[in-house]
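Have a look at this one.
The values are calculated or read from the model by the stated rules, or taken from the named source; none is laboratory data. Keep in mind that this is a model prediction, so the values were computed, not measured. No Cβ is skipped: glycine too gets one built from the backbone with ideal geometry, and neighbour counts run over all protein chains shown. Side chains included, ligands, DNA and RNA excluded: accessible areas come from the protein's heavy atoms. Shrake-Rupley method; radii C 1.70, N 1.55, O 1.52, S 1.80 Å.
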Amino acid sequence: MPDRDAINISAGATLTERLGIELAKKGIYCLFGEITSDSCETASCFLFDRLLKGDKKATILICSQGGDGDASRGLVGVMEMVKAGGLIIKTIATGQAASAAFDILIAGTKGERACTETTLLMTHSTSVDARERALSELLEKVDDQILMRYTTLDRKKINAYAKVGGNLWMSAKEGLETGVVDRLIQVGEVLDVD
């Protein structure tokens with residue numbers, strides 16, 4: 001694998017691609033838009049690269065309405081592995097962290113999970129069709145394990161919150177109160193990614 005500081009940026013690369021490479025060199029990965037197998041694969045490679053290079057910390061910035069739950073669970077598994085290897089993962093949400101993005105946010109290192117004061121947070125049971133009811137029960141157990149591992153939420157607390165269309169929406173403040181995040185980033189605060 002080439003030295004990440006020696007990566008050449010092609011002349012045809014978009015501004016987003018060029019900036020993404022420069023941010024990755026500094027230990028920051030932006031996970032914006034839909035969560036896909038491609039975005040989670042790239043995030044996984046980014047995290048393993050940081051760990052293998054001997055870096056101590058990586059930051060994932062998140063603004064997503066969610067997406068592929070299987071891909072996000074795969075990334076959460078990678079996050080667990082690299083944390084066990086000593087990498088601190090700072091997760092920061094801005095805008096929203098919903099569904100699959102919510103799981104990625106809460107899987108950051110305890111004490112290193114944050115969101116802006118105006119971030120909307122949402123979790124819900126994994127959606128499956130009528131043919132997959134047995135799978136639905138299993139996925140709900142997995143979802144519950146993820147929630148309880150990283151937050152103070154459990155099924156009883158989730159059911160106590162107001163639900164909209166089967167989704168549990170929370171303000172940033174409620175996310176702090178339930179252990180979804182460890183701190184709120186105040187308006188005007190300079191982002192500390194170190």
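In the range 1-120, carbon and sulfur make up what percent of the accessible area (probe 1.4 Å)? Could the numbers behind the result be given before it?
On the way: 3200 of 5530 Å².
Reported share for carbon and sulfur atoms: 58 percent.
Give the shape of the range 16-75 as rounded, prolate or oblate, defined through the alpha-carbon gyration tensor: a ≥ b ≥ c are the square roots of its eigenvalues, a/c under 1.5 means rounded, and otherwise the shape is prolate if a/b is larger than b/c and oblate if not. Can you show the working numbers first?
Values: a/c = 2.21, a/b = 1.41, b/c = 1.56.
Note, shape of the range 16-75 comes out oblate.
For THR16, THR109, what's the largest-to-smallest order of accessible area, 1.4 Å probe?
Values: THR16 110, THR109 30 Å².
If we order THR16, THR109 from most to least accessible, we get THR16, THR109.
Using a ≥ b ≥ c from the Cα gyration tensor of the range 42-105 (square roots of the eigenvalues), is it rounded, prolate or oblate, where a/c under 1.5 gives rounded and otherwise the larger of a/b and b/c decides, a/b for prolate?
It comes out prolate by the Cα gyration axes.
Using a Förster distance of 22 Å, how high is the FRET efficiency between LEU15 and GLN65, based on the Cβ-Cβ distance and rounded to 0.05?
Values: r = 23 Å, r/R0 = 1.04.
Computed FRET efficiency for LEU15 and GLN65: 0.45.
Can you give me the relative contact order of the range 61-131 as a percent, contacts being Cα pairs under 8 Å and 6 or more apart?
Details: 118 pairs, mean separation 26.1, N = 71.
Relative contact order for the range 61-131 comes out at 37 percent.
Let me ask something else about it. Taking R0 as 22 Å, what FRET efficiency do you get between LEU120 and LYS26 from their Cβ-Cβ distance, rounded to the nearest 0.05? List each step's numbers first, then the result.
Values: r = 27 Å, r/R0 = 1.24.
Computed FRET efficiency for LEU120 and LYS26 comes out at 0.20.
Still on this model: Taking +1 at the Cβ of each Lys and Arg and -1 at the Cβ of each Asp and Glu, which of LEU47, LEU87, MET122 sits farthest along the dipole of the range 28-122 towards its positive end, judged by Cα position relative to the Cα centre?
Towards the positive end, the residue furthest out is LEU87.
Among residues other than THR42 whose Cβ falls under 12 Å from its Cβ, what is the net charge (Lys/Arg +1, Asp/Glu -1)? Show your work: numbers first, answer last.
Working: positive: none; negative: GLU17, ASP38, GLU41, ASP49.
Computed value for this residue: -4.
Modelled label-to-label distance, CYS45 and MET81, 7 Å Cα→beta-carbon offset: nm?
It is 1.5 nm.
Just to be sure I understand the model, the point goes 7 Å from the Cα along the line to the Cβ. What's the resulting LYS56 to GLU177 distance in nm?
Distance between the two pseudo-spin positions: 3.5 nm.
Once you have the Cα-Cα distance between THR109 and ASP144, take 0.36 nm times their residue separation minus that, and quote the gain in nm to one decimal.
10.7 nm
Strictly over 18 Å apart at the Cα level, which of LYS57/LYS173; LYS57/LYS90; LYS26/LYS110; LYS26/LYS56; LYS56/LYS173 would you flag in this model?
Details: LYS57/LYS173 26 Å; LYS57/LYS90 7 Å; LYS26/LYS110 21 Å; LYS26/LYS56 12 Å; LYS56/LYS173 29 Å.
Table pairs above 18 Å Cα-Cα are LYS57/LYS173; LYS26/LYS110; LYS56/LYS173.
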